[in-house]
Amino acid sequence: MGNLSRRSVLRNSLAVAAAGTVARPFIANAAATTAEVWWAQGFVPEEDEALKKVVADYQKASGNTIDLSIMPFAPQRQKIVSAVTSGVVPDLFQNNPDEIIALYAWDDKLVDVTDVIETQKEEFTDTALLSAFCYNNVAKKRSYYGVPFAFGALPNHVWRPLVEKAGFKMEDIPKTWDAYYDFFKEVQKKLRAQGVRNVYGLGLQVTTNGNDPNNTFNYFLIAYGGQDIVTKDGKLHLDDPKVREAAIKALTYPTTAYKEGYVPPSAINWNDADDNNAFHAKTIVMDLDGTISTEVAVIHNEQDYNDIVTMGLPLSNDGKPVPSLAGPACGLIPKGAKNVAVAKDFLKYVIQPDVDNQLLKVGLGRNLPPMPSIVKKDPWWFADPHRAAYANQALLGPTVPNFWALNPAYAQVQNEHVWPNGWADIMQNGVAPQAAAERAFKRVEEIFAKYPITEG
């Protein structure tokens, strides 16, 4: 999701004033020591500066030292894998990529952080808690292995001027799922009739690269009624006709839109940044993509910033709210860490609502806090239409956790791009959706057989 890859953006941003409330550490200065912390580089420079300020404030208040390393997203991923594999680990890192919390918990490679969660448990959304409550295959039970500090989902991003150029108003956009996305096909038709040849109605990620196509499939799957493909007990439910039908529909709609010419031809080869680039180039009318980094990227171009409309999800085809697949960025403590006590104490400090709020506001709301009370108490989150729409969708609206949080088998399903490969079979090899679905069902079942969960 959107908080999964780094896009090329303008590197200046608006600064947010530091928090006036003095937060406190949870351990005494007499226990002062050092913790090594690895953090992913922010989307804008101010995010890194905000983190450094949090670290400085914590050090001053606690007497502890945080040996902070901020590194680009992709290199950090590689470094985490190498560290966990070798056993030479820092005291704290983020779940980069997101699903490692479930994979490393399964392999008993993470420290239980239930005591950290308990300090703010009543503040977190249920989805944030479920996302950190993972199964340990050695202990044969679930526990909290990550501490959420940010939250994200996929909104729709729409160019208002392109909709209006086609002769429509934003109010004309239908409210139900298929009708919503079909509307942008009509926008494209109207633009073509005016001689506009290089603009496509839909920016759907139908590639087999990166994480965006997995997210796109999962959102369509849920919209069509398949959210119980994996339940809270970690069980797979491809034997449920409703889930199977939803998966077939999720394979069919995006590929049909592509074959009919409403998605750019290059979309089958896109990476996670290419839909953003196409949207900013105004060659697609809309994009379903994670966070509001799309909007933040043009915040210094007032015209473009105001011309983009951030929209939550449409209703299902039968008029019911569609929950957003949402997930948190978490702090993880690997087993083998030398200073677990300080790593836990630092996380307790970070997730204090006042601290977390200021940390995330500097990113201009690109990531949301995983605590509804924060946005409810601070009008800043609703002073901007993009932030307001995003907060209402991903934090105050219905959400469900990523399927891999319920069973890490789904992480392998996504890493293999099982569902997007089904799209490829349909679009490039002429395979019927039903047949492509059957191939995908078989592979998903094979993967889940390797991850049996014996306790819910």
Could you list, in sequence order, all residues of segment 411-432 that are hydrophobic (A, V, I, L, M, F, W, C) and out of contact with any Lys or Arg (no Cβ under 7 Å at 6 or more places or on another chain)?
Ala411, Val413, Trp419, Trp423, Ala424, Ile426, Val431, Ala432
Of the residues in segment 69-87, those that are open to solvent by 50 Å² or more (accessible area, probe 1.4 Å) and touching a helix residue (DSSP H, G or I) at 6+ places or on another chain (Cβ under 7 Å) come to Ile70
Counting only residues that are closer than 13 Å to Asn64 by Cβ and among the hydrophobic types (A, V, I, L, M, F, W, C), segment 327-349 contains a total of 6
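Given segment 79-171, what helices (runs of 4 or more DSSP H) lie entirely inside it while holding 3 or more residues that are of a type in the set (Gly, Ala, Ser)?
Of the helices (runs of 4 or more DSSP H) lying wholly inside segment 79-171, those with at least 3 residues that are of a type in the set (Gly, Ala, Ser) span 126-132.
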Can you find a residue that is buried (at least 16 other Cβ atoms within 10 Å of the Cβ), modelled with pLDDT of 95 or more and part of a loop (DSSP other than H, G, I, E, B) anywhere in segment 241-261?
no
Of the conditions (1) at pLDDT 95 or above; (2) out of contact with any Lys or Arg (no Cβ under 7 Å at 6 or more places or on another chain); (3) in a strand (DSSP E or B); (4) not aromatic (Phe, Trp, Tyr), Ala341 clears all except one; give me its number.
(3)
Restricting the search to segment 301-332, which residues are at pLDDT 95 or above, under 22 Å from the mean Cα position of the chain (by Cα) and within 22 Å of Leu406 (Cβ to Cβ)?
Leu313, Ser316, Pro321, Val322, Pro323, Ser324, Leu325, Ala326, Ala329, Cys330, Gly331, Leu332
Counting only residues that are surrounded by 14 or more Cβ atoms within 10 Å (Cβ to Cβ), free of Cβ contacts under 8 Å to residues at least 60 places away in the same chain and among the charged types (D, E, K, R), segment 165-187 contains a total of 3
Go through the residues of segment 343-350 one by one and say whether even a single one is of a type outside the set (Ser, Thr, Tyr), touching an Asp or Glu at 6+ places or on another chain (Cβ under 8 Å) and open to solvent by 20 Å² or more (accessible area, probe 1.4 Å).
yes
Members of segment 401-420 found to be open to solvent by 10 Å² or more (accessible area, probe 1.4 Å) and either in contact with a Ser or Thr (Cβ under 6 Å, 6 or more places away or on another chain) or at pLDDT below 95 (or both), listed by number:
Pro401, His417
Considering only residues that are touching a residue at least 12 places away in the same chain (Cβ under 8 Å) and open to solvent by 20 Å² or more (accessible area, probe 1.4 Å), look in segment 278-290 and name the one that is farthest from Ile173 (Cα to Cα).
His280
Does Asp425 satisfy the criteria of being at pLDDT 95 or above, farther than 22 Å from Ser143 by Cβ and either open to solvent by less than 20 Å² (accessible area, probe 1.4 Å) or assigned to a helix (DSSP H, G or I) (or both)?
yes
Number of positions in segment 110-132 that are open to solvent by 40 Å² or more (accessible area, probe 1.4 Å) and within 22 Å of Val230 (Cβ to Cβ):
2
Could you count how many residues in segment 367-410 are assigned to a loop (DSSP other than H, G, I, E, B), in contact with a strand residue (DSSP E or B) (Cβ under 8 Å, 6 or more places away or on another chain) and of a type outside the set (Gly, Ala, Ser)?
8
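Every residue, every condition in (1) surrounded by fewer than 21 Cβ atoms within 10 Å (Cβ to Cβ); (2) in contact with a strand residue (DSSP E or B) (Cβ under 7 Å, 6 or more places away or on another chain); (3) closer than 24 Å to Thr34 by Cα; (4) of a type in the set (A, V, I, L, M), yes or no:
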position: Ser62; (1), (2), (3), (4): no, no, yes, no
position: Pro90; (1), (2), (3), (4): no, yes, yes, no
position: Cys134; (1), (2), (3), (4): no, yes, no, no
position: Tyr144; (1), (2), (3), (4): no, yes, yes, no
Sole exception among (1) within 24 Å of Ala326 (Cα to Cα); (2) open to solvent by 10 Å² or more (accessible area, probe 1.4 Å); (3) of a type outside the set (A, V, I, L, M) for Arg443, by number
(1)
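The values are calculated or read from the model by the stated rules, or taken from the named source; none is laboratory data. This one's a predicted model, so the numbers in the text were calculated from it and none came from an experiment. Glycine also receives a Cβ, built like all others from the backbone with ideal geometry; neighbour counts cover every protein chain displayed. Heavy atoms of the whole protein, side chains included, go into the accessibility calculation; ligands, DNA and RNA do not. Shrake-Rupley method; radii C 1.70, N 1.55, O 1.52, S 1.80 Å.
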